[in-house]
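**Student:** Here you go, one structure.
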Amino acid sequence: VQLQASGGGLVQAGGFLRLSCAASGSISSINAMAWYRQAPGKQRELVATINRRGGTGYSDSVKGRFTISRDNAKNTMYLQMVSLKPEDTAVYYCNAASPAIHCPWGQGTLVTVSS
């Protein structure tokens with residue numbers, strides 16, 4: 001399965017964006033999906049996870065501001081981001097939550113939050 005994130009852009013602090021992750025194949029067999037991000041000069045970090053039943057988890061840095069969702073019928077996952085901060089600036093990627101079953105990393109989508 002190939003995963004492609006989209007929806008990034010330039011936004012002012014306090015603004016919002018909605019990212020999408022389109023899969024080339026079925027994601028219904030992947031129990032837990034996730035959004036990751038990599039800021040300049042930093043390691044990639046896990047931002048949010050969602051399992052097949054809709055259970056979600058978030059990093060402390062985005063909890064209360066980001067909402068992850070998935071539509072298995074459309075093989076698509078989303079990340080709704082509100083109250084964006086400059087520190088949210090990063091390239092955002094989607095993938096399986098478990099490194100053991102990671103799909104090839106796509107190019108990601110760049111989110112830039114200006115202060």
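The values are calculated or read from the model by the stated rules, or taken from the named source; none is laboratory data. Bear in mind that the values here come from a model prediction, so they are computed numbers and not experimental data. Don't worry about glycine lacking a Cβ; one is built from the backbone with ideal geometry, like all the others, and counts go over all protein chains shown. When the accessible area is computed, the model is the full protein with side chains, heavy atoms only, and any ligands, DNA or RNA have been set aside. Shrake-Rupley method; radii C 1.70, N 1.55, O 1.52, S 1.80 Å.
**Student:** Calculate, in nm to one decimal, what Lys42 and Ser69 gain on full extension: separation in residues at 0.36 nm each, minus their alpha carbon distance. Each step should come with its number before you reach the end.
**Tutor:** Values: separation 27, 0.36 × 27 = 9.72 nm, distance 2.57 nm.
Extra length available between Lys42 and Ser69 comes to 7.2 nm.
**Student:** Let me ask another. Multiply the residue separation of Arg53 and Ala13 by 0.36 nm, subtract the distance between their alpha-carbon atoms, and state the gained length in nm to one decimal.
**Tutor:** That pair, Arg53 and Ala13, stretches by 11.2 nm at full extension.
**Student:** Which peptide among 25-33, 39-47, 88-96 comes first, and what is the full order, when sorted by highest mean count of other Cβ atoms within 10 Å?
**Tutor:** 88-96, 25-33, 39-47
**Student:** What is the sum of charges around Val82, taking Lys and Arg as +1, Asp and Glu as -1, for the other residues whose C-beta is under 13 Å from the C-beta of Val82?
**Tutor:** +3
**Student:** Now a separate question. Compute all pairwise cysteine Cβ distances in the chain, then list the cysteines with no distance under 4.7 Å to another cysteine.
**Tutor:** Unpaired cysteines in the chain: Cys103.
**Student:** Residue by residue through the range 48-59, which ³J(HN,Hα) values in whole Hz follow from phi under the Karplus form 6.51 cos²θ - 1.76 cosθ + 1.60 (θ = phi - 60°), with glycine and proline marked x?
**Tutor:** Result, ordered by residue: 7, 10, 8, 9, 4, 8, x, x, 10, x, 9, 6 Hz.
**Student:** In whole percent, and with a 1.4 Å probe on the protein chains, what portion of the accessible area of the range 1-100 is carbon and sulfur?
**Tutor:** Carbon plus sulfur share of accessible area: 49 percent.
**Student:** Here is a follow-up. How would Trp105, Trp35 rank on accessible area, largest to smallest, probe 1.4 Å?
**Tutor:** So, going from the largest accessible area down, we get Trp105, Trp35.
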